[in-house]
Structure formats: structure tokens, C-alpha cells
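Where a number appears in this text, it was derived from the coordinates with a stated rule and is not lab data. All figures in this text were calculated on a predicted structure; none of them were measured in a lab. We place every Cβ from the backbone using ideal geometry, glycine too, and count neighbours over all the protein chains shown.
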Amino acid sequence: MLFVFCLVSISLIGDEKKLQEVLEATNEQHAKILQIGIWVSMQSLPVEAVITTLTGAFRGAVMGVVVDVLFEGACFAGSIQSPSEGDNIRPEVLSFIGGYKPLVQARNFAVMTSVNASIYCVMKRLSGKEDMQTRLVSGLVV
């Protein structure tokens, strides 16, 4: 959201009135997001964990699509030898061993961020505090 705000503000340099309107709209959206976060934190642990996991998966999928679009599969193009056409490999397995398929990056990001978010959520709720150990463990588990 900050990235979008920066792009919009750069395009509106010199037009203070429109820039102020964009800033107010951004603040309103941020307040709504904070209210949703407060509501989620008041729910039971399983409900909070499911909602956090789903939002983590969505964030990861968006990040994966952005990375996929920006790099177009170049990250993994030379890292693993692709199987030859004579190999009888299922398409699901092909994405894990180097055959590039669209949105594989989005799927991988979605899985990693959703697992990280859910472990962090559960550990934070069980320990009762938000600290560096909770973040470290959730990051290392992923």
C-alpha cells in the first residue's frame, strides 16, 4: 500500500489538493484495516489462525505474482536441469523439479507466507506477547 501511495504521490507532485485527498483516503483505508485486525484478534484461537493463514496466503500469492511478472521465471531457469521430453513425469511434480509453469512462484510464496503467518499467530496467542522469539521461530519453521 505504501508503494502505491508513493507512486501516486510522485505523479501528483505540485497538485497539493489531490495529494491531500489521496493521503486522506489512504488514512481511512489504514484505519479500516486496523479495525479488522482488532476484530480478528478478539476471536478464538482457531478462527484467528484460519483468518491469519488465509490472509497470509493471499499476501504471498500477490507477492509471488509480482515476482513472477518481474522476473518471468528467470530465477530458476538455469538452476535445475529440466527433464527431457521422453521422461514420464506428472505435471504436478514437474513444477518442483525445474519445469516452469505459470503461477508456480505465486503458489510457493502463498504456501510459505501462510505457514509463517499461522505459526506466528498461534505462538503469539499462546505466549501472550509479540516478541522476537516468536518471529524467529515462525521464520525458521518455514
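How would PHE71, PHE109 line up from fewest to most surrounding beta-carbon atoms within 10 angstrom? Before the final figure, lay out the partial values.
Values: PHE71 12, PHE109 21.
Fewest-to-most ranking of PHE71, PHE109: PHE71, PHE109.
Based on the mean of other beta carbon atoms within 10 Å per residue, what is the order of 40-47, 117-124, most packed first?
Descending mean neighbour count gives 117-124, 40-47.
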